[in-house]
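*Asks:* So that we are looking at the same thing, I have put the structure below in structure tokens.
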Amino acid sequence: MSDAVFRRILITGGAGFIGSHFVRLALAAGIPSVVVLDKLTYAGSLLNLEEVLDDPRVRFLEGDIADPAAVAEAMAGCDAVVNFAAETHVDRSLLEPAAFIRTNVWGTMVLLEQALRLGVGRFLHVSTDEVYGEVLSGSVSEDEPLRPRNPYAASKAAAEHFVFAYWTSYGLPVLVTRGCNTYGPYQHPEKFIPLAITNLLTGRPIPLYGDGLHERDWLYVEDHCRAIWTVLVRGEPGQAYNIGAGQHRPNIAVARALVRLLGADPSAIVHVADRPGHDRRYAVDWSRLRALGWRPMVDFEDGLARTVAWYRARTDWWSARRDAAFAAYYARNYQGREGYRNQP
Ligand code: NAD
Ligand code: TYD
């Protein structure tokens, strides 16, 4: 990964969890110019880019992907675009779906329009395995129909339809990745694994939705970024690529592993009311991506230990933003939802 295959990449949502890791990867790959466009919502932070903001190759622009003027400025001179920017939390989408349509669908459309106008050579849209809906058995290939079941997944699926429409209608060279559940350093503590870790570190319980037997495939963030890089460099325009990890676990197993790693008492796992429309299982077949030479390198136990070590060391990163986001969000939206009454 040392060839500077692009002169300038636009990375939207580069101040978020996966996007910030991808910025570091692009720089390590020798890309001479990296532009980051990020609205810095509650989910984004310049702290996520602390190691690279002073790098002369990095230009950070605070702005909205749904704003054509901001996008025109950010995309100028770029030969590749990677779109991470999104509203990403399923629970929030159940309560505020409009924000998801605005950023995830309309914002993607604004990016596509500008990419077409400027003749961008590679447009990679970061999507999710949640677009398939729940996969009760086996695994799905990229040719399966999209059957999203919650507003977040529906907004990601709608965005994908526009991305592929720009390929078939206008020939924009698009690529789509559909990654599975991702975890690692710098993930906002509203998501399950960092929520569980930071709760245990502050003496709070892990709220486990329903029976805890919902199954996810867990991908370490650096593996996810290498997969996106592989598709960006070697993928075939007009194609979608699933990204899986082969590390399927029911949520209760993840919770138990974290209790063990943090030396907590098993009673710290508390069953709470289930999420409405909670997808039981996701599972993708990623042989198309394997054929491009990618495979995951970090197994779940190793990745989880690395993640716990990072959260232990970086209270400075998570404690204020966790408290602020949780106070505003849970007070407003989760009143009366069993199991959330004890959240700060
Ligand atoms: P995140 O919530 O941590 O980061 C999202 C970033 O986008 C933030 O920096 C935020 O400020 C920015 N943003 C939000 N709205 C914006 C707007 N209108 N304009 C510009 N910037 C905006 O998300 P993440 O977990 O890093 O996910 C990144 C992408 O990967 C998303 O598209 C998500 O759907 C996809 N994905 C995530 C996972 C996962 O498990 N985290 C799995 C598969 C796919
Ligand atoms: P999440 O991190 O929100 O990702 P997604 O919904 O996109 O898969 O949740 C991962 C799993 O953990 C999902 O099955 C919901 C469950 N979950 C809990 O049991 N408790 C929680 O507090 C959260 C946030 C999630």
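*Asks:* What number of residues within region 106-126 satisfy the criterion of being in contact with a Leu (Cβ under 7 Å, 6 or more places away or on another chain) and part of a helix (DSSP H, G or I)?
*Replies:* Matching residues across region 106-126 total 3.
*Asks:* Let me ask something else about it. Of the residues Ile9, Ile31, which is more than 13 Å from ligand 1 (Cβ to nearest atom), assigned to a loop (DSSP other than H, G, I, E, B) and open to solvent by less than 10 Å² (accessible area, probe 1.4 Å)? Spell out how you get there, then give the answer.
*Replies:* On the way: Ile9 fails: assigned to a loop (DSSP other than H, G, I, E, B).
The unique qualifying residue is Ile31.
*Asks:* Of all residues in region 239-275, which are small (Gly, Ala, Ser) and surrounded by 16 or more Cβ atoms within 10 Å (Cβ to Cβ)?
*Replies:* The first filter runs over region 239-275 and keeps only residues small (Gly, Ala, Ser), leaving 240, 244-246, 253, 255, 257, 263-264, 267-268, 273.
Within region 239-275, Ala240, Gly244, Ala245, Ala255, Ala257, Ala264, Ala268 qualify.
*Asks:* Given the structure, is Leu261 within 28 Å of Ser45 (Cβ to Cβ) and away from ligand 2 (no atom under 14 Å from the Cβ)? Step through it out loud before you land on a result.
*Replies:* Working: within 28 Å of Ser45 (Cβ to Cβ): yes; away from ligand 2 (no atom under 14 Å from the Cβ): yes.
For Leu261, the condition - within 28 Å of Ser45 (Cβ to Cβ) and away from ligand 2 (no atom under 14 Å from the Cβ) - is met.
*Asks:* I'd like the residue in region 187-238 that is acidic (Asp, Glu) and more than 19 Å from the chain's Cα centre (by Cα) and, out of all such residues, is least open to solvent (accessible area, probe 1.4 Å). Spell out how you get there, then give the answer.
*Replies:* Initial filter on region 187-238 (acidic (Asp, Glu)): 190, 211, 215, 217, 222-223, 236.
Filter once more, keeping what is more than 19 Å from the chain's Cα centre (by Cα): 211, 236.
Details: Asp211: 67, Glu236: 107 Å².
Looking at the filtered set, the residue picked out is Asp211.
*Asks:* Okay, next question. Any residue in region 165-194 that's free of Cβ contacts under 8 Å to residues at least 24 places away in the same chain and polar (S, T, N, Q): show its pairings with residues that are part of a helix (DSSP H, G or I) and more than 9 Å from ligand 1 (Cβ to nearest atom) at Cβ separation under 7 Å, as long as the two are six or more apart or on different chains.
*Replies:* none
*Asks:* Of everything in region 132-190, what is among the aliphatic types (A, V, I, L, M), assigned to a loop (DSSP other than H, G, I, E, B) and within 19 Å of Pro250 (Cα to Cα)? Give them in sequence order.
*Replies:* Those that are among the aliphatic types (A, V, I, L, M), assigned to a loop (DSSP other than H, G, I, E, B) and within 19 Å of Pro250 (Cα to Cα): Val135, Leu136.
*Asks:* With the requirement that a residue be among the hydrophobic types (A, V, I, L, M, F, W, C), under 23 Å from Ser155 (Cβ atoms) and either open to solvent by less than 20 Å² (accessible area, probe 1.4 Å) or part of a helix (DSSP H, G or I) (or both), what does region 70-84 give you?
*Replies:* Of everything in region 70-84, those that are among the hydrophobic types (A, V, I, L, M, F, W, C), under 23 Å from Ser155 (Cβ atoms) and either open to solvent by less than 20 Å² (accessible area, probe 1.4 Å) or part of a helix (DSSP H, G or I) (or both) turn out to be Ala70, Val71, Ala74, Met75, Val81, Val82.
*Asks:* Quick test for you: out of Arg92, Arg122, Arg117, Arg102, pick the one residue that is more than 10 Å from ligand 1 (Cβ to nearest atom), among the basic types (Lys, Arg) and surrounded by 15 or more Cβ atoms within 10 Å (Cβ to Cβ). If you could, list the steps in order and put the result at the bottom.
*Replies:* Details: Arg92 fails: more than 10 Å from ligand 1 (Cβ to nearest atom); Arg117 fails: surrounded by 15 or more Cβ atoms within 10 Å (Cβ to Cβ); Arg102 fails: more than 10 Å from ligand 1 (Cβ to nearest atom).
When all the criteria are applied, what remains is Arg122.
*Asks:* Against the condition near ligand 1 (Cβ under 9 Å from one of its atoms), open to solvent by 30 Å² or more (accessible area, probe 1.4 Å) and in contact with an Asp or Glu (Cβ under 9 Å, 6 or more places away or on another chain), how does Leu46 come out, does it pass? Explain how you work it out, then say what you get.
*Replies:* Working: near ligand 1 (Cβ under 9 Å from one of its atoms): no; open to solvent by 30 Å² or more (accessible area, probe 1.4 Å): yes; in contact with an Asp or Glu (Cβ under 9 Å, 6 or more places away or on another chain): yes.
For Leu46, the condition - near ligand 1 (Cβ under 9 Å from one of its atoms), open to solvent by 30 Å² or more (accessible area, probe 1.4 Å) and in contact with an Asp or Glu (Cβ under 9 Å, 6 or more places away or on another chain) - is not met.
The values are calculated or read from the model by the stated rules, or taken from the named source; none is laboratory data. Note that the structure is a prediction, hence the values are computed from the model and not measured. Here Cβ is always computed from backbone atoms with ideal geometry, including for glycine, and neighbour counts include all displayed protein chains. When the accessible area is computed, the model is the full protein with side chains, heavy atoms only, and any ligands, DNA or RNA have been set aside. Shrake-Rupley method; radii C 1.70, N 1.55, O 1.52, S 1.80 Å.
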